[in-house]
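So the structure is just underneath, and the comments pick up after that.
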Amino acid sequence: MAKITFPVEASHIMMFARSIGDTNPVYHDAEAAKKTEAGGIIAPPSFAQSVAQFNPDYFLRPKPGQPWFGSGKTASGVEGKASSSGGLHAEQHFEFHRHIGPGDVLSVETKPGASCEKESKRAGKLMFRESITEYRDQNGNLVITARSVGVTTERPVSQG
Amino acid sequence: MALNASALKVGDTHSERVVENLSRTQIVQYAGTSGDYNPLHTDEVYTTQVAGYPSVFAHGMLTMGLTGKMLTNYVGDGRLTKFGVRFTNQVWPGDTLDATATVAAIREEGGVKLVDLTLSTVNQDGKEVMTGNATARAD
């Protein structure tokens, strides 16, 4: 995948912190954040995943003029889609070399990692796929390394 | 406030209720800020009629974010060096989640004091929805 440019912005961090219910001033109050050890606003640890916003081709964002698999006039806007649960997120790991904040402009590259197949009682055949994402700052320094594991299930995960 | 390594011992825990009665609206909020608009999380019609689930469910990353809030409250701002999780069960609207960090090790690496933590987030029925590990710099 091509490199994605991810400008880290204060308003995005503020909204992200709100969406996880985190009222810590270090995520939204520049004055208060200055007095903390962080020395200014920083992003919550799992914010890095919001790089999806800056991926022009991100498949989980509707795009103008293109069919979308969510509901509209019908339950799915894409005909003939198998009623499988599709992909789910199985694991997410971050390694922080430095905590990012507003003003950082990250260059982000994702590479495929290992994959494996497993059998489960709750969802049938499971296909696990790993990807490694490196976030580098404007000086070329590696700031975050992320490892994500996605799983495709044969059928929806049974509950209970 | 950062952790004080000399005041910690293996087995110490910190718990927080990170969400009570999770609303569909908060899941929508998370979709908006993360950029993950998978209809499984926000579109009840698609999720029940096409994907075959009983209702929409939260992004795994929302549970990670909620758990991260407990974690950063415990270890301090900008102190995490590692944070990794496995999503073990789905989180549904109406769920109440409690997240716990347990001290697994206190060590020193290159003169830096580090605390290793194991993480567990459970729902109102005591079912584990996420497990994980984290490492933080301590004083």
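The values are calculated or read from the model by the stated rules, or taken from the named source; none is laboratory data. Treat the numbers as computed from the prediction; the structure is a model and nothing was measured. Note: ideal-geometry Cβ built from the backbone for every residue, glycine included; neighbour counts use all protein chains shown. Side chains are part of the model used for accessible areas, which takes the heavy atoms of the whole protein and leaves out ligands, DNA and RNA. Shrake-Rupley method; radii C 1.70, N 1.55, O 1.52, S 1.80 Å.
Key figures for this structure:
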| quantity | calculated |
| --- | --- |
| Per-region count, region B:116-139, residues under 16 Å from B:Ser15 (Cα atoms) and part of a strand (DSSP E or B) | 14 |
| Residues (without any contact (Cβ under 8 Å) to a residue 60 or more places away in the chain and within 11 Å of another protein chain (Cβ to nearest Cβ)) located in region A:129-147 | A:Thr145, A:Arg147 |
| Filter result for the condition that a residue is over 24 Å from B:Asn89 (Cα atoms) and either out of contact with any His (no Cβ under 7 Å at 6 or more places or on another chain) or not hydroxyl-bearing (Ser, Thr, Tyr) (or both), over A:Leu88, A:Leu60, A:Leu106 | A:Leu106 |
| Residue that is nearest to A:Gly77 (Cα to Cα) [pool: residues in region B:13-41 that are more than 8 Å from chain A (Cβ to nearest Cβ) and β-branched (Val, Ile, Thr)] | B:Val28 |
| Failed item, numbered, when A:Glu119 is tested on (1) open to solvent by less than 80 Å² (accessible area, probe 1.4 Å); (2) assigned to a strand (DSSP E or B); (3) closer than 26 Å to B:Gly126 by Cα | (1) |
| Out of B:Thr88, B:Thr67, sole residue that is within 13 Å of chain A (Cβ to nearest Cβ), of a type in the set (Val, Ile, Thr) and either out of contact with any strand residue (DSSP E or B) (no Cβ under 9 Å at 6 or more places or on another chain) or within 21 Å of A:Ser158 (Cα to Cα) (or both) | B:Thr88 |
| Residue list for region B:30-50, filter: surrounded by fewer than 22 Cβ atoms within 10 Å (Cβ to Cβ) and either in contact with a strand residue (DSSP E or B) (Cβ under 9 Å, 6 or more places away or on another chain) or part of a loop (DSSP other than H, G, I, E, B) (or both) | B:Gly35, B:Tyr37 |
| Hits in region A:87-105 (condition: crowded, with 17+ Cβ neighbours inside 10 Å, more than 7 Å from chain B (Cβ to nearest Cβ) and not aliphatic (A, V, I, L, M)) | A:Gly101, A:Pro102, A:Asp104 |
| Yes/no for B:Gly94 being more than 8 Å from chain A (Cβ to nearest Cβ), modelled with pLDDT of 95 or more and part of a loop (DSSP other than H, G, I, E, B) | yes |
| Residue match in region A:42-55 (condition: facing chain B (nearest Cβ under 9 Å), part of a loop (DSSP other than H, G, I, E, B) and open to solvent by 70 Å² or more (accessible area, probe 1.4 Å)) | no |
| Extreme residue, farthest from B:Gly60 (Cα to Cα), among residues of region A:122-133 that are in a strand (DSSP E or B) and either open to solvent by 60 Å² or more (accessible area, probe 1.4 Å) or among the β-branched types (Val, Ile, Thr) (or both) | A:Lys125 |
| Any hit, region B:65-74, residues being without any contact (Cβ under 8 Å) to a residue 24 or more places away in the chain and not in a helix (DSSP H, G or I) | no |
| Qualifying residue in region A:61-72 (condition: at pLDDT below 95, hydrophobic (A, V, I, L, M, F, W, C) and open to solvent by less than 30 Å² (accessible area, probe 1.4 Å)) | no |
| Every residue from region A:6-40 that is open to solvent by less than 30 Å² (accessible area, probe 1.4 Å) and assigned to a loop (DSSP other than H, G, I, E, B) | A:Val8, A:Ile20, A:Asp22, A:Asn24, A:Gly40 |
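The rows are residues; the columns are (1) charged (D, E, K, R); (2) open to solvent by less than 10 Å² (accessible area, probe 1.4 Å); (3) under 30 Å from A:Lys35 (Cβ atoms).
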| residue | (1), (2), (3) |
| --- | --- |
| B:Leu66 | no, yes, yes |
| B:Lys69 | yes, no, yes |
| B:Gly78 | no, no, yes |
| B:Val91 | no, yes, no |
